[in-house]
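In what follows, a single structure is set out as structure tokens and then discussed.
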Amino acid sequence: MRDLTSDTITEAVISTMGDTKDARVAEILDSLVRHVHSFVREVELTEDEWARGIDFLTRTGQKCTPTRQEFILLSDVLGVTMLVDALSNRRPAEATQNSVLGPFFRDDRPELPHTADISGGLPGTPLFFEGRVVNREETPLAGAAVDVWHSDAEGHYDVDVPGLADASAMRALFRTDEKGQFGFRSIRPSSYPIPGDGPVGELMSATGRSLMRPAHVHLLVEAPGFQRVTTMLFPSDDPYLDADPVFGVKESLVESFDTYEAGSGPCREVTDEPYTLVRRTFVLEPRPAD
Ligand code: BEZ
Ligand code: FE
């Protein structure tokens with residue numbers, strides 16, 4: 001292994017890993033080395049560019065804290081998160097599709113009864129959500145766990161709303177009843193930018209990309225014996241649907257967030273101001289047998 005050249009170094013590196021015990025680790029490392037070397041050859045990476053790349057990755061790591069994961073954000077904006085999801089969760093079109101989990105899920109949310117108001121008293125257009133969880137035969141799934149979380153009318157999650165960080169709002173865990181139903185009241189979420197004050201923000205601005213995610217309501221639906229669905233619903237009139245920086249929008253997740261005048265529509269007795277109603281059925285796929 002001496003006098004290696006740009007033509008021989010790839011095989012030389014791979015040959016050093018011949019004792020890798022785990023076959024899957026060996027496969028991944030082999031492919032990783034080949035692809036990284038091919039990339040360097042293809043773009044003829046200069047020493048200066050290599051140093052800038054190392055600096056970018058170093059700063060990406062340094063930006064990470066217990067509540068900020070810049071590497072996952074990098075994976076999101078490069079489409080890797082959704083690519084891994086697509087390969088891992090191939091579902092028939094009738095089943096509810098996945099989207100990104102994002103950084104704002106919290107497992108210390110309250111479990112609340114149906115029709116609970118989770119708005120935390122924040123201002124915004126009232127949102128009524130009526131959900132149903134079924135299997136592909138339309139049989140209701142009772143006792144399914146449904147996590148919901150979303151931003152406020154300014155695009156902030158509770159953790160970023162002054163005075164709310166420890167209280168938790170616009171998030172809750174619900175359990176479906178015997179008809180597979182759950183529901184809640186909240187406020188209509190707004191579009192918001194992904195964090196732009198780190199290396200990922202630099203990448204986005206260098207490539208002329210917008211940071212704005214379309215408005216959405218996150219849901220995580222789980223029922224025993226079924227595949228977990230990590231998903232979100234987007235209002236069909238959102239202007240950012242076709243430019244989501246994390247590539248999470250799927251046509252089947254675009255939903256009408258119908259707005260009604262005060263005193264009209266299905267919830268007319270419940271509100272004296274205009275409101276939005278979302279009705280959605282979530283279709284779960286059985287978990288494959290082990
Ligand atoms: C979110 O929807 O909460 C989100 C997803 C990916 C990156 C940043 C935010
Ligand atoms: Fe979000």
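Counting other C-beta atoms within 10 Å, and keeping those with at most 16, which DSSP coil GluC sites (Glu not before Pro) do you find in region 32-80? Write down the numbers at each step before the final one.
Working: sites: E42, E44, E47, E49, E70; in loops: E44.
Filter output for region 32-80: E44.
Over all alpha-carbon pairs in region 141-290, figure out the percentage whose distance exceeds 19 Å. List each step's numbers first, then the result.
Values: 6967 of 11175 pairs.
The share of Cα pairs beyond 19 Å in region 141-290 comes to 62 percent.
Looking at the square roots a ≥ b ≥ c of the eigenvalues of the Cα gyration tensor of region 49-116, which shape do they give, rounded for a/c under 1.5, prolate if a/b is larger than b/c, or oblate?
Oblate.
When the chain is treated as a GNM with alpha-carbon contacts under 10 Å, the residue of D177, D30, D48 showing the greatest mean-square fluctuation is D30.
Please compute, over every Cα-Cα pair in region 1-142, the percentage with a separation greater than 22 angstrom. Result: 68 percent of Cα pairs exceed 22 Å. Extension gain for the segment E94 to T58, taken as residue separation times 0.36 nm less the Cα-Cα distance, is 8.7 nm to one decimal. The phi-based Karplus calculation (6.51 cos²θ - 1.76 cosθ + 1.60; θ = phi - 60°) puts the 3J(HN,Hα) values of region 117-122 at 8, 9, 6, x, x, 6 Hz, whole numbers, x for Gly and Pro.
I need the semi-axes of the equivalent ellipsoid of the chain: take the C-alpha gyration tensor, multiply each eigenvalue by 5, square-root it, list largest first in whole angstrom.
Over the Cα atoms of the chain, the ellipsoid semi-axes are 42, 24, 16 Å.
Counted over region 10-86 with a bin width of 5 Å, the fraction of Cα pairs per bin, in whole percents, is 3, 12, 14, 17, 22, 20, 11, 2, 0. Scanning residues 5 or more positions from D258 or on other chains, those with amide H under 5 Å from its amide H are L277, with H placed 1.01 Å from N in the peptide plane.
Bear in mind these aren't lab numbers, they're just calculated from the coordinates by the rules spelled out. Because the structure is a prediction, the values reported are computed rather than measured. All Cβ positions, glycine included, derive from the backbone under ideal geometry; neighbour counts span all protein chains shown.
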